[in-house]
1. Measuring with a 1.4 Å probe in the full set of protein chains, what accessible area per residue, in whole Å², belongs to the chain?
2. Pick out the long, greasy-scoring helices in the chain: whole DSSP H runs spanning 24 Å or more along their own axis by Cα, mean Kyte-Doolittle at least 0.5.
3. Take the solvent-accessible surface of the protein heavy atoms, probe 1.4 Å, and return the percent of it on the range 1-95 that carbon and sulfur atoms account for.
4. If I build a Gaussian network model for the chain, linking alpha-carbon pairs within less than 10 angstrom, which residue out of Ser145, Ser11, Ser93 has the largest mean-square fluctuation?
5. Nearest 500 deg cm²/dmol is fine: what mean residue ellipticity at 222 nm does the chain get from its DSSP H runs of n ≥ 4 alone, each adding -39,500 (n - 2.57), divided by its residue count?
6. Which of the peptides 112-123, 17-28, 41-52 is most tightly packed, and how do the rest follow, judged by the mean count of other Cβ atoms within 10 Å per residue?
7. For Asp63, list long-range residues whose amide hydrogen, built 1.01 Å from N in the peptide plane, is under 5 Å from its own amide hydrogen.
8. Among Gln77, Leu59, Phe48, which residue has its Cα furthest toward the positive end of the charge dipole of the range 40-93, with +1 on Lys/Arg Cβ and -1 on Asp/Glu Cβ?
Amino acid sequence: QGSELLFALGSTAVRAAALSATFILVNRAALALDIDPEEFDVIEPRLFRPGGKARVPVLQIADHLINGAGFCQALGQKQPGSDRTLVEILIDSILDEKKEYPLNELLRGNHERTCEQACYQCLLRYRNQPYHGLLDWRLGLAFLSALRNASYPCGLDGHFDDYALRFWDE
């Protein structure tokens, strides 16, 4: 029974990380496209087995309007002069650019030390109220790091340098 509990807790933690990552990504995409984040609907993350291979996580975002405005399609398009999609570029921006959202908000003042999971200054919004108990900006950043780099050690190597892990050893 102990292993069942650990599995359930692990599944909830991964779901929380995936949802947090999705909301961070939606907020950053809305800034990049100069639209309201409510133009996107966040759909529950899931596992997908492409071609019968190993299961991989899928973050799901849809245009809010039924016929779509093409915002999600824009995220998946390769950018001019690049072989990368807008969503790939945005994930790099989220994780690396301290002067852009979300790092500029998360690292401002004492937020990093006072916000233990999520707050209305960083990730909580009226529209994502059903997920407030799961949202955690550090989990979201760590999940995006793992999506970007499949060998992301997430602190298992004893290094807590990235923003998702700072102060973890304390």
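1. Dividing the accessible area of the chain by its residue count gives 62 Å².
2. Both cut-offs are met by 2-33.
3. The C+S portion of the solvent-accessible surface of the range 1-95 is 57 percent.
4. In the Gaussian network model the winner is Ser11.
5. Calculated mean residue ellipticity at 222 nm is -12000 deg cm²/dmol.
6. Highest mean packing first, the order is 17-28, 112-123, 41-52.
7. Counting only residues 5 or more places away or on other chains, the set is Asp41, Cys72.
8. Phe48
The values are calculated or read from the model by the stated rules, or taken from the named source; none is laboratory data. As the structure is a prediction and not an experimental result, all values here were calculated from the model. No Cβ is skipped: glycine too gets one built from the backbone with ideal geometry, and neighbour counts run over all protein chains shown. When the accessible area is computed, the model is the full protein with side chains, heavy atoms only, and any ligands, DNA or RNA have been set aside. Shrake-Rupley method; radii C 1.70, N 1.55, O 1.52, S 1.80 Å.
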